[in-house]
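K.L.:
Take this structure, written in structure tokens, and hold onto it; I'll ask about it next.
All of the numbers you see were taken from the coordinates with simple rules; none came from a lab. The model shown is predicted, which means the values in this text are computed figures rather than measured ones. Cβ: placed from backbone, ideal geometry, glycine included. Neighbour counts: every protein chain shown.
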Amino acid sequence: MSKRLLLVAATTGYQTREFGEAAHRLGLELLLATDRCRRMGDPWGDGSVAVRFDRAEESLAALAAVEFDAVAAVGDRPAVLAAEIAAARGIPFHPVGAAQACHDKFRARQLFQAAGLPVPAYFRVPLDGDPREAAGRAPYPCVLKPLDLSASRGVIRANGEAEFVAAFHRIGRMAHGWLQVESYIPGREFAVEGLVTKGRVQPLAIFDKPDPLEGPFFEETIYVTPSRETASAQAALVETTERAVRALGLWHGPWHAELRYNREGAWLLEVAARPIGGLCARALRFEGGVPLEELILRHAIGEDVSGARLQGPASGVMMIPIPRAGIYQSVAGVEDARAVTGIEDVVMTAERGHRLVPLPEGASYLGFLFARGQEPATVETALREAHGKLRFTVNAALETL
């Protein structure tokens, strides 16, 4: 009999279909646990179990009669619930405390500091507190980060008290609870993707982020692998990430790390207890043409994937940024973008009539561009050229009273 795997994922997540296709190729039975409304029955016809990511006991009860052999997750909040489910069933995965620490920027900083990793000056303050008092304690330039949001949502750089107070109020309109303040870390930014197998850390890929991410907002656009950094810089990125994974207590499953590198070395921004988000994983293929989602599923069901090697020579993805706020109408030039040498695919995920909200409030992109080439530089060039072919129509949104 085929093995049955429970995937904990958001109803609207980009990656759910990718995991479904990978499960089909492997002959796995995939069961979804999603945050859909349980009163709606099964509106998507996928047989998913309705859960609440922030209500572990309620979700465990909903799954009590469901049998499965392995657990995987897409997203930060789903990863925490997946850890709760795995712990209750005795299934290998990340410990609950480790998944929670990955989702708590303040706790993660504490663990990194305790492990001797370099950390910026940091403190947290309640969002219902006094922004001017916090501004008086801030190390400038600094970065304000809401603790209950993920990716780059709500992350704002402030160079002085006036900017700090404005950013504080802006974040307070989109988040709740606590705000973390950190001294700004200069340098180039990178992402490292990997797995950990019962405590053994396995890096899979280093992504360069060639666009400068200096603020005031931190919208990620291009990821390219393999890295063009020096061998010593890459070694520092990997070694720092491995120490961070151990400091957090991640034990079995995927992880995604974000770092900066400068003349003082590698600095951890964050580590997530889940794979790279959106459709970005399509930029990664392993020997034999194996996509990242398939590798993660093989790992989850107990296969030995320690020999996985990235298939080259170079690849990359662009998360197409939102040009301005408004109502998305259309895109022209898609076929011209696809015709650019090196471009593998153009995937538009925004739908006509969709309200576009840029960072720092927004949490989505217009779509994705994927490229492959002989060198990382040619991949980056292809992505930029293809993006330049696209022309978007975005209408002004009418405000309602």
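K.L.:
Examine region 293-313 for a residue that is over 25 Å from ASP69 (Cβ atoms) and within 14 Å of the chain's Cα centre (by Cα), and state whether such a residue exists. I'd like the intermediate steps shown before the answer.
P.N.:
Pass one, region 293-313, residues over 25 Å from ASP69 (Cβ atoms): 309-313.
In the following step, the residues that additionally are within 14 Å of the chain's Cα centre (by Cα) were identified as none.
Scanning region 293-313 turns up no residue that is over 25 Å from ASP69 (Cβ atoms) and within 14 Å of the chain's Cα centre (by Cα).
K.L.:
Just one of THR230, THR225, THR240, THR221 is surrounded by fewer than 18 Cβ atoms within 10 Å (Cβ to Cβ) and on the phi < 0 side of the Ramachandran plot; which is it? Quick ask: steps written out before the conclusion?
P.N.:
Values: THR225 fails: surrounded by fewer than 18 Cβ atoms within 10 Å (Cβ to Cβ); THR240 fails: surrounded by fewer than 18 Cβ atoms within 10 Å (Cβ to Cβ); THR221 fails: surrounded by fewer than 18 Cβ atoms within 10 Å (Cβ to Cβ).
Criteria check complete, one pass: THR230.
K.L.:
Also, I was wondering about something else. Give the number of residues within region 325-351 that are out of contact with any strand residue (DSSP E or B) (no Cβ under 6 Å at 6 or more places or on another chain) and loosely packed, with under 14 Cβ neighbours inside 10 Å.
P.N.:
Residues flagged as out of contact with any strand residue (DSSP E or B) (no Cβ under 6 Å at 6 or more places or on another chain) and loosely packed, with under 14 Cβ neighbours inside 10 Å within region 325-351 amount to 4.
K.L.:
Under the condition of being more than 28 Å from SER152 (Cβ to Cβ) and among the small types (Gly, Ala, Ser), which residue from region 307-324 is surrounded by the most Cβ atoms within 10 Å (Cβ to Cβ)?
P.N.:
ALA308
K.L.:
Taking region 174-190 on its own, how many of its residues are surrounded by fewer than 21 Cβ atoms within 10 Å (Cβ to Cβ) and free of Cβ contacts under 8 Å to residues at least 60 places away in the same chain?
P.N.:
Counting residues in region 174-190 that are surrounded by fewer than 21 Cβ atoms within 10 Å (Cβ to Cβ) and free of Cβ contacts under 8 Å to residues at least 60 places away in the same chain gives 3.
K.L.:
What is the residue count in region 126-173 for residues that are outside any helix (DSSP H, G or I) and either in contact with a Phe, Trp or Tyr (Cβ under 7 Å, 6 or more places away or on another chain) or surrounded by fewer than 15 Cβ atoms within 10 Å (Cβ to Cβ) (or both)?
P.N.:
Taking region 126-173 first, the residues outside any helix (DSSP H, G or I) are 126-130, 138-160, 173.
From the residues that got through so far, the ones that are either in contact with a Phe, Trp or Tyr (Cβ under 7 Å, 6 or more places away or on another chain) or surrounded by fewer than 15 Cβ atoms within 10 Å (Cβ to Cβ) (or both) too are 126-130, 138-144, 147, 152, 155-160, 173.
The qualifying residues number 21.
K.L.:
When you scan region 137-145, do you find a residue that is out of contact with any Leu (no Cβ under 7 Å at 6 or more places or on another chain), touching a residue at least 60 places away in the same chain (Cβ under 8 Å) and of a type outside the set (Lys, Arg), even just one?
P.N.:
Yes, because at least one residue in region 137-145 is out of contact with any Leu (no Cβ under 7 Å at 6 or more places or on another chain), touching a residue at least 60 places away in the same chain (Cβ under 8 Å) and of a type outside the set (Lys, Arg).
K.L.:
Checking LEU250 against (1) crowded, with 20+ Cβ neighbours inside 10 Å; (2) in a helix (DSSP H, G or I), which test does it fail?
P.N.:
(2)
This table checks each residue for (1) among the hydroxyl-bearing types (Ser, Thr, Tyr); (2) part of a loop (DSSP other than H, G, I, E, B); (3) in contact (Cβ under 8 Å) with a residue 40 or more places away in the chain; (4) in contact with a helix residue (DSSP H, G or I) (Cβ under 7 Å, 6 or more places away or on another chain).
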residue	(1), (2), (3), (4)
GLY307	no, yes, no, no
GLY312	no, yes, yes, no
SER315	yes, no, yes, yes
PRO323	no, yes, yes, no
SER330	yes, no, yes, no
GLU335	no, no, no, no
VAL340	no, yes, yes, yes
VAL346	no, no, yes, yes
